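Visitor: Okay, handing you the structure first.
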Amino acid sequence: MDKFTTLTGVAAPLPITNVDTDMIIPKQYLKTIARTGLGAGLFSEMRFKEDGSENPHFVLNKPAYRKATILVAEDNFGCGSSREHAPWALLDYGIRCVISTSFADIFYNNCFQNGILPAKVSPEDLKKLMDDASRGANATLTVDLERQEIKGPDGGVVKFEIAEFNKHCLLNGLDAIGLTLVKSDKIKSFEDKHNTHAWA
Amino acid sequence: MAKLRTLYDKIWDDHVVDVQPDGSCLLYIDRHLVHEVTSPQAFEGLRMAGRKVRAPEKTLLVVDHNVPTTAEARSHVVDPESKAQIAQLAQNASDFGLEYYDAFDKRQGIVHIIGPEQGFTLPGTTIVCGDSHTSTHGAFGALAHGIGTSEVEHVLATQTLLQSKAKNMRVTVNGKLPAGVTAKDIIMAIIGQIGTAGGTGHVIEFAGEAIRDLSMEGRMTVCNMTIEGGARAGLIAPDEKTFAYLKDRPKAPKGAAWDEAVRYWKTLHSDEGAHFDTEITLDAASLPPIVTWGTSPEDVASIEGVVPRVDDARNDQQKAKIQRALDYMGLKGGEKIADLKVDRVFIGSCTNGRIEDLRAAAKVIEGKKVAAHVNAMVVPGSGLVKDQAEAEGLDKIFVAAGFEWREPGCSMCLAMNPDKLAPGERCASTSNRNFEGRQGFKGRTHLVSPAMAAAAAIAGQFVDIRKWS
């Protein structure tokens, strides 16, 4: 997993509440057995028309935002299904950071497994960042994970929340399974007791 | 005095393997359900790292999302990607030595229906699956939630998950449900009240007379849609109904082990006075049959209600949300719910694909005909549900009324298989999500109970099931 330290890039505004994972990556893309290549399906029902051509009104199809690496969205981003294809699609497209006031729990966890930073900010700060993002390619944001800060094009700085452990893993690109396997002895001794129960 | 604990606290405490400095815990996982869509990359990860499945006996594989629901199409899956994904699950079962129910196994069905049926789901256990509706199993007093594919791989490799403890929320539903109002209406009313992010960061325990009065099937419906209220897990304390449901199931404990298990399960309830961070109360007697009007499960309305207007919005953000939902759903705002005509009816899914759901629907349609302009289908949740329904003659009632009677699977709940809405089609669905595109590109979903869906199929539009004759 790639480390996440700082990121400077174009932020695309997505002023939609409850962006669900069906919207992020519709089910027809879930039939893959690979983790890569899902960027082609990112937001596809909004991004493409029925004939497969691009919908010019969708933000990521506008010239200023085609190379966006940050998304700014309204409350409860990533609700719905547990599909990790949602963060895989974001990552494959090139999005490394999503900024919102709140995230659905499963999506939130899935981001950390893939080196994506879900940054939670206050409603007031989200409004500011949404305005910044609306100004297009000249208005880049800089996200600094170590300092938990997002700097806007005018130099304004907003803070975001993140749990210490999640931050540590992102900063160092740590693999969760590797970390857990270090504790194999503890798992074994737990199992030795737990597995004697009739219901276990 | 020992600290007063909630049901969630108790199950959590019993599964902590290790506590990290920041308070997050390595939690032991007792049961892992695996399906074809969210697992291929996890098994591939194991292969690449040369890792094995730590506890094959705690892992159960079933194919459900992709499988076609007609007998003919099931034998010859034409979609090459679906076919590959199904084949990959079989390959992974064989390579890693795991129990697997294929599409022709009588025990096959939607992963959240077969777990309880087999007695794989047990009170007090921790259960995960790469599927958000894993919350269903909470109906048995199991701590059960959906996980992503990386976590599927983590559980396969270590039989544990790294978790931060959620907050405790209790939703108490007092009183008795009116005739015609069901478990589905209870959970949709709750989501309407707390919102689709209302339970984020919480585990919700459901309590109160109306919950206790529900059958196990009804309790599963309630817990199933907990995720639509933002909470990854729902819980209902196990009781005699739970034990009666599980006794003699193939994977449930037997003999002395059963007795020991029941003794333990009886301790699984929130202590009197235990602390809940959030408490919500509903009155069952005041609940109407519910129909969703928009593109989020929180967009609920009474069957007697109207579709909201943009002008009803409290702020700009809400205005934009209502406008977007109305545009997608082909509505203007202000229409009476009972005037909405449907093109399709879907009865099935892990929310409402159990025997009780099929009985409720069959009772409504017996001796009647599906409206000429409506295409209606019933997809039993599992092979065993299908067999039971056929033994009771329900299939004949459905077919005589003009419903299609299908093979088990997830089907048009998420339309990964050939069952899907055409653009613009309006569907009364017993499933769990009305998101844009969920049941097919530009398809329009209204979530309802099985009885309400059945009545809509006959009438060709939504009707108040309380006035049905």
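Visitor: Quick one: how many residues across the stretch A:61-83 are more than 13 Å from chain B (Cβ to nearest Cβ) and open to solvent by less than 10 Å² (accessible area, probe 1.4 Å)? Give the steps one after another, and end with the answer.
Guide: As a first pass, look at the stretch A:61-83 and keep what is more than 13 Å from chain B (Cβ to nearest Cβ): A:61-72.
Of the ones still in play, those that are also open to solvent by less than 10 Å² (accessible area, probe 1.4 Å) are A:68, A:70-72.
Counting residues in the stretch A:61-83 that are more than 13 Å from chain B (Cβ to nearest Cβ) and open to solvent by less than 10 Å² (accessible area, probe 1.4 Å) gives 4.
Visitor: Let me spell it out: the conditions are (1) in a strand (DSSP E or B); (2) open to solvent by 50 Å² or more (accessible area, probe 1.4 Å), and A:Leu179 meets all of them except one. Which number is the exception?
Guide: The one condition A:Leu179 does not meet is (1).
Visitor: Go through (1) open to solvent by 10 Å² or more (accessible area, probe 1.4 Å); (2) more than 8 Å from chain A (Cβ to nearest Cβ) and name the single condition B:Cys129 misses.
Guide: (1)
Visitor: Show the residue pairs that are 6+ apart or on different chains and have beta-carbon atoms under 7 Å apart, the first residue being within the stretch A:159-176 and within 11 Å of another protein chain (Cβ to nearest Cβ), the second being surrounded by 13 or more Cβ atoms within 10 Å (Cβ to Cβ) and aliphatic (A, V, I, L, M).
Guide: Close Cβ pairs satisfying both conditions: A:Lys167/A:Leu145; A:Asp175/A:Met1; A:Ala176/B:Leu162.
Visitor: Report whether or not B:Ser302 is surrounded by 16 or more Cβ atoms within 10 Å (Cβ to Cβ) and touching a Leu at 6+ places or on another chain (Cβ under 7 Å).
Guide: Working: surrounded by 16 or more Cβ atoms within 10 Å (Cβ to Cβ): yes; touching a Leu at 6+ places or on another chain (Cβ under 7 Å): no.
Judged against the criteria, B:Ser302 is not a match.
Visitor: What are the residues in the stretch B:440-469 that are assigned to a helix (DSSP H, G or I), touching a residue at least 40 places away in the same chain (Cβ under 8 Å) and of a type in the set (Lys, Arg), if any? Lay out the reasoning, then the answer.
Guide: Residues of the stretch B:440-469 assigned to a helix (DSSP H, G or I): B:450-459, B:465-467.
From what's left, touching a residue at least 40 places away in the same chain (Cβ under 8 Å): B:450-459, B:465-466.
Scanning the stretch B:440-469 gives a single hit, B:Arg466.
Visitor: Against the condition free of Cβ contacts under 8 Å to residues at least 60 places away in the same chain and surrounded by 24 or more Cβ atoms within 10 Å (Cβ to Cβ), how does B:Gly437 come out, does it pass? Before the answer, list the steps.
Guide: Details: free of Cβ contacts under 8 Å to residues at least 60 places away in the same chain: yes; surrounded by 24 or more Cβ atoms within 10 Å (Cβ to Cβ): yes.
Yes.
Visitor: Working only within the stretch B:297-322, note down all residues that are in contact with a strand residue (DSSP E or B) (Cβ under 8 Å, 6 or more places away or on another chain) and touching a residue at least 60 places away in the same chain (Cβ under 8 Å).
Guide: Across the stretch B:297-322, the qualifying residues are B:Pro297, B:Asp299, B:Val300, B:Ile303.
Visitor: Give the residue that is most open to solvent (accessible area, probe 1.4 Å), with candidates limited to residues of the stretch B:19-55 that are assigned to a loop (DSSP other than H, G, I, E, B), of a type in the set (Gly, Ala, Ser) and facing another protein chain (nearest Cβ under 10 Å).
Guide: Kept after step one, since they are assigned to a loop (DSSP other than H, G, I, E, B), are these residues of the stretch B:19-55: B:20-24, B:29-30, B:35-39, B:50-55.
So of that shortlist, the ones also of a type in the set (Gly, Ala, Ser) come out as B:23-24, B:39, B:50, B:55.
With facing another protein chain (nearest Cβ under 10 Å) added as a condition, the list becomes B:23-24, B:39, B:55.
Details: B:Gly23: 42, B:Ser24: 6, B:Ser39: 3, B:Ala55: 2 Å².
Ranking the candidates gives B:Gly23 first.
Visitor: Continuing with this model, one more query. Here is a list: B:Gly119, B:Gly97, B:Gly124. Which entry is within 8 Å of another protein chain (Cβ to nearest Cβ) and surrounded by fewer than 24 Cβ atoms within 10 Å (Cβ to Cβ)?
Guide: Numbers: B:Gly119 fails: within 8 Å of another protein chain (Cβ to nearest Cβ); B:Gly97 fails: within 8 Å of another protein chain (Cβ to nearest Cβ).
Just one listed residue meets the conditions, B:Gly124.
Visitor: How many residues are open to solvent by 20 Å² or more (accessible area, probe 1.4 Å), within 28 Å of B:Lys467 (Cβ to Cβ), in a helix (DSSP H, G or I) and out of contact with any Phe, Trp or Tyr (no Cβ under 7 Å at 6 or more places or on another chain) if we restrict to the stretch B:305-339?
Guide: Looking only at that region, the number is 2.
Visitor: Also: Tally up the residues in the stretch B:1-36 that are in contact with a Cys (Cβ under 9 Å, 6 or more places away or on another chain) and under 21 Å from A:His85 (Cα atoms), please.
Guide: Taking the stretch B:1-36 first, the residues in contact with a Cys (Cβ under 9 Å, 6 or more places away or on another chain) are B:12, B:15-19, B:31-35.
Of the ones still in play, those that are also under 21 Å from A:His85 (Cα atoms) are B:32-35.
Residues meeting the conditions: 4.
Visitor: Then there's this: Going by what's in this entry, would B:Ala87 be described as surrounded by fewer than 21 Cβ atoms within 10 Å (Cβ to Cβ) and of a type in the set (Gly, Ala, Ser)? Please lay out each step first, then the result.
Guide: On the way: surrounded by fewer than 21 Cβ atoms within 10 Å (Cβ to Cβ): yes; of a type in the set (Gly, Ala, Ser): yes.
Yes: the conditions hold for B:Ala87.
Visitor: Test B:Phe140 against the criterion of being among the aromatic types (Phe, Trp, Tyr), more than 30 Å from B:Asp9 (Cβ to Cβ) and open to solvent by less than 10 Å² (accessible area, probe 1.4 Å), and give yes or no. Break it down into steps so the answer makes sense when it comes.
Guide: On the way: among the aromatic types (Phe, Trp, Tyr): yes; more than 30 Å from B:Asp9 (Cβ to Cβ): no; open to solvent by less than 10 Å² (accessible area, probe 1.4 Å): yes.
No; evaluated as a whole, the condition is false for this residue.
Visitor: Which residue is farthest from B:Lys167 (Cα to Cα), if the candidates are limited to the stretch B:233-286 and must be aliphatic (A, V, I, L, M), assigned to a helix (DSSP H, G or I) and open to solvent by less than 10 Å² (accessible area, probe 1.4 Å)? Break it down stepwise before answering.
Guide: So in the stretch B:233-286, the residues aliphatic (A, V, I, L, M) come out as B:233, B:235-237, B:244, B:246, B:252, B:256-257, B:261-262, B:268, B:274, B:280, B:282, B:284-285.
With the extra rule that they be assigned to a helix (DSSP H, G or I), the set shrinks to B:244, B:246, B:256-257, B:261-262, B:284-285.
From what's left, open to solvent by less than 10 Å² (accessible area, probe 1.4 Å): B:246, B:261, B:284.
On the way: B:Leu246: 29, B:Ala261: 27, B:Ala284: 25 Å.
Among those that are aliphatic (A, V, I, L, M), assigned to a helix (DSSP H, G or I) and open to solvent by less than 10 Å² (accessible area, probe 1.4 Å), it is B:Leu246.
Visitor: From the list A:Ala86, A:Ala104, A:Ala119, A:Ala133, which one is within 22 Å of A:Lys27 (Cα to Cα), touching a strand residue (DSSP E or B) at 6+ places or on another chain (Cβ under 7 Å) and open to solvent by less than 30 Å² (accessible area, probe 1.4 Å)? Talk me through it step by step, then tell me what you get.
Guide: Values: A:Ala86 fails: touching a strand residue (DSSP E or B) at 6+ places or on another chain (Cβ under 7 Å); A:Ala119 fails: within 22 Å of A:Lys27 (Cα to Cα); A:Ala133 fails: within 22 Å of A:Lys27 (Cα to Cα).
When all the criteria are applied, what remains is A:Ala104.
Visitor: Another question, if that's okay. Restricting to the stretch B:360-396, count the residues that are open to solvent by 30 Å² or more (accessible area, probe 1.4 Å) and more than 24 Å from B:Val67 (Cα to Cα).
Guide: Count: 9.
Visitor: Pairs please, first residue from the stretch A:104-129 and facing another protein chain (nearest Cβ under 9 Å), second anywhere and surrounded by 20 or more Cβ atoms within 10 Å (Cβ to Cβ) and acidic (Asp, Glu), Cβ atoms under 6 Å, 6+ apart in sequence or on different chains.
Guide: A:Asn110/A:Glu84
Visitor: Please go through the stretch A:184-193 and pick out each residue that is facing chain B (nearest Cβ under 7 Å) and crowded, with 16+ Cβ neighbours inside 10 Å.
Guide: First pass over the stretch A:184-193, keeping only residues facing chain B (nearest Cβ under 7 Å): A:186-187, A:190.
Matches in the stretch A:184-193: A:Ile187, A:Phe190.
Visitor: Which of the residues belonging to the stretch B:143-182 are open to solvent by less than 10 Å² (accessible area, probe 1.4 Å), more than 8 Å from every other protein chain (Cβ to nearest Cβ) and among the small types (Gly, Ala, Ser)?
Guide: B:Ala144
Visitor: Also, quick follow-up: Tell me the residue from B:Gly138, B:Gly201, B:Gly146 that is without any contact (Cβ under 8 Å) to a residue 40 or more places away in the chain and in contact with a strand residue (DSSP E or B) (Cβ under 9 Å, 6 or more places away or on another chain), please.
Guide: Working: B:Gly138 fails: without any contact (Cβ under 8 Å) to a residue 40 or more places away in the chain; B:Gly146 fails: without any contact (Cβ under 8 Å) to a residue 40 or more places away in the chain.
Being without any contact (Cβ under 8 Å) to a residue 40 or more places away in the chain and in contact with a strand residue (DSSP E or B) (Cβ under 9 Å, 6 or more places away or on another chain) holds for just one of B:Gly138, B:Gly201, B:Gly146, which is B:Gly201.
Visitor: For the stretch B:72-102, give me the residue count where each residue is over 24 Å from the mean Cα position of the chain (by Cα), touching a residue at least 40 places away in the same chain (Cβ under 8 Å) and assigned to a helix (DSSP H, G or I).
Guide: Pass one, the stretch B:72-102, residues over 24 Å from the mean Cα position of the chain (by Cα): B:72-73, B:75-81, B:83-84, B:87-88, B:90-98.
With the extra rule that they be touching a residue at least 40 places away in the same chain (Cβ under 8 Å), the set shrinks to B:73, B:79, B:88, B:92, B:95-98.
The next check asks that each one be assigned to a helix (DSSP H, G or I); those that pass are B:73, B:88, B:92, B:95-96.
Residues flagged as over 24 Å from the mean Cα position of the chain (by Cα), touching a residue at least 40 places away in the same chain (Cβ under 8 Å) and assigned to a helix (DSSP H, G or I) within the stretch B:72-102 amount to 5.
The values are calculated or read from the model by the stated rules, or taken from the named source; none is laboratory data. Source: prediction; values computed, not measured. Every residue, glycine as well, gets a Cβ built from its backbone with ideal geometry; the counts of neighbours run over all protein chains shown. Calculation scope for accessible area: heavy atoms of the full protein, side chains included, ligands and nucleic acids excluded. Shrake-Rupley method; radii C 1.70, N 1.55, O 1.52, S 1.80 Å.
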